[in-house]
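Notes follow once the structure below has been shown.
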There are 2 protein chains.
Amino acid sequence: MKPGIQAIAFDAYGTLFDLYSVTAVCERKFPGRGVELSRLWRTKQLEYTWLRSLSGQYEDFWMVTRSALAFACRSLNLNLACPPQAREELMESYLHIDIFSDVQPTLAKLSRFRLAILSNGSPRMLSTAVESAGLNGVFTDVISVDEVKIYKTSPRAYGLVLQRLGIPNSAVAFASSNFWDIAGAKSFGFWTCWVNRGKLPEEELGVMPDVTVPTLDGLVNALGEPAASSD
Amino acid sequence: MKPGIQAIAFDAYGTLFDLYSVTAVCERKFPGRGVELSRLWRTKQLEYTWLRSLSGQYEDFWMVTRSALAFACRSLNLNLACPPQAREELMESYLHIDIFSDVQPTLAKLSRFRLAILSNGSPRMLSTAVESAGLNGVFTDVISVDEVKIYKTSPRAYGLVLQRLGIPNSAVAFASSNFWDIAGAKSFGFWTCWVNRGKLPEEELGVMPDVTVPTLDGLVNALGEPAASSD
């Protein structure tokens with residue numbers, strides 16, 4: 001097993017929570033355009049977190065997500081104001097978002113570790129989604145970058161895990177389905193597991209994940225069996 | 001006219017230099033796939049500048065551009081190693097890149113201002129492209145963010161203009177075809193002109209350009225006539 005790991009920090013969106021929930025709501029609101037809309041919405045949501053962080057213009061993830069939705073709809077000529085409640089229903093898809101089917105069984109097998117979430121999501125988005133998914137009590141810490149007002153991949157965002165858990169970065173395993181997030185976490189000094197749910201090619205950011213697994217349950221084997229008890 | 005402006009700083013790629021040159025080389029190397037390749041290459045190039053800046057892992061623009069090309073080809077199943085010189089020929093398209101037809105006449109009409117370039121490009125990329133385009137001597141300052149080892153939209157990148165020109169930010173007009181760059185420059189305190197060459201919708205980054213023009217020559221009217229001479 002990977003020695004010295006005391007805690008696992010999970011990315012939220014795309015890693016634990018299935019963004020397909022969001023796509024489905026997009027498709028219901030704009031039949032035939034759901035995939036296109038949700039893809040551009042997500043792309044812009046991430047771009048805006050990076051740009052705002054870099055220029056020192058932080059705004060919380062709810063607002064960034066709202067702005068990204070507005071741009072995506074404008075860009076695709078979709079009328080977000082009709083019906084009037086369309087915007088709110090699309091936004092709420094982030095609050096009641098499905099978890100992937102491998103999340104509950106995987107977390108159960110990893111209960112010997114401290115389990116945390118480190119996410120760009122605002123505190124309200126995270127607490128609502130965790131509760132809605134029936135994950136209350138599973139994580140010792142649900143950490144939002146909102147505490148430091150800067151998004152991943154800033155070292156200050158990853159540093160929150162150390163502050164909150166009181167352990168060194170060498171004791172943290174970090175799991176994310178987003179390669180860019182893995183690159184940030186690896187540069188920070190975490191042991192990293194890329195959950196390559198989308199079967200995507202590796203990005204060229206100068207760092208590689210410690211392990212790559214196709215679904216979250218691959219993390220159980222990657223971390224190995226618990227050390228044999230001495231009694 | 002807009003009062004108090006002493007200098008104009010121009011973004012390079014997409015604003016002065018026409019990225020269609022790059023697309024054309026992509027199309028020659030990979031017939032039928034040029035548009036797709038150049039689009040993904042550009043998207044990743046920008047993403048990597050933001051991600052590397054945010055995580056403190058700066059690498060110069062030549063290397064970032066090379067990495068982005070490698071990812072784009074892998075992602076699109078294009079073999080960059082065949083023919084063996086393909087990679088170098090694609091990269092060199094950035095060194096000998098056409099200028100838009102409105103650049104020379106526009107700059108001639110704005111010669112009463114100090115004219116500068118502020119670009120993510122590495123010093124070698126910029127000097128080669130400026131020379132290749134016949135723009136030697138037109139700009140008093142060709143400034144690369146490489147001096148501060150962080151990309152736009154960091155305030156440290158825009159701050160280079162003030163350091164090099166020795167003027168306050170209220171005396172600088174900044175022109176770019178990239179909305180995200182305009183947002184960074186506006187947040188920094190420059191007067192901004194978005195050259196919306198692509199007829200794109202406005203992004204939702206919480207700031208708006210001071211003026212938007214369809215092509216670079218629109219900047220001449222936006223800055224107004226020279227103040228009447230007092231003699």
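The values are calculated or read from the model by the stated rules, or taken from the named source; none is laboratory data. For clarity, every value in this text was computed on a predicted model and none was experimentally measured. Here the Cβ is made from the backbone with ideal geometry for all residues, glycine too, and neighbour counts use every protein chain on show. These accessible areas exclude ligands, DNA and RNA; they are computed on the full protein's heavy atoms, side chains included. Shrake-Rupley method; radii C 1.70, N 1.55, O 1.52, S 1.80 Å.
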**Q.** B:CYS82-B:ASN136 FRET efficiency (beta carbon distance; Förster radius 45 Å; 0.05 resolution)
**A.** 0.75
Q.
In segment B:1-28, whose amide N lies under 18 Å from the spot 7 Å out along Cα-to-Cβ of B:GLU92? List them in ranges.
A. B:21-28
(Q) Let me check I've understood the local charge: for A:LYS109, count other residues with C-beta under 12 angstrom from its C-beta, Lys and Arg +1, Asp and Glu -1. What total comes out? (A) -2
Q: Compute for chains A and B the buried accessible surface, both sides summed, probe 1.4 Å, and express it in Å² to the nearest 100.
A: 2600 Å²
**Q.** Per-selection Kirkwood Rh - the protein assembly as shown (Cα, Å, 1 d.p.)
**A.** 23.8 Å
Q. With every protein chain left in place, what is the accessible area of B:ASP141 in Å² (1.4 Å probe, nearest 10)?
A. 20 Å²
Q) Between A:ASN221 and B:GLU225, what is the spin-label point distance in nm, taking each point 7 Å from the Cα along the Cα→C-beta axis? A) 7.8 nm
Q: Measure off, as a whole percent, the carbon and sulfur share of the 1.4 Å-probe accessible area of chain B, all protein chains present.
A: 51 percent
Q. So how compact is segment B:20-92: Cα radius of gyration and Dmax in angstrom?
A. 12.1, 37
**Q.** Rule-of-thumb Rg ratio for segment B:128-197 [Cα; 2.2 N^0.38 Å; N residues]
**A.** 1.13
Q: Hand me the trypsin sites (Lys or Arg not before Pro) from segment A:117-225 located in a DSSP loop with no more than 12 other Cβ atoms within 10 Å, in residue order please.
A: A:LYS199
Q: Counting helices only, and only those DSSP H runs with n ≥ 4, report the 222 nm mean residue ellipticity of the protein assembly as shown as the sum of -39,500 (n - 2.57) divided by its residues, in deg cm²/dmol to the nearest 500.
A: -12500 deg cm²/dmol
Q. How much length, in nm to one decimal, is gained on full extension between A:ALA24 and A:ARG124, taken as 0.36 nm per residue of separation minus their Cα-Cα distance?
A. 33.8 nm
Q) When only alpha-carbon atoms count, how far does chain B stretch along each of its three principal axes, as whole angstroms with the largest first? A) 66, 36, 32
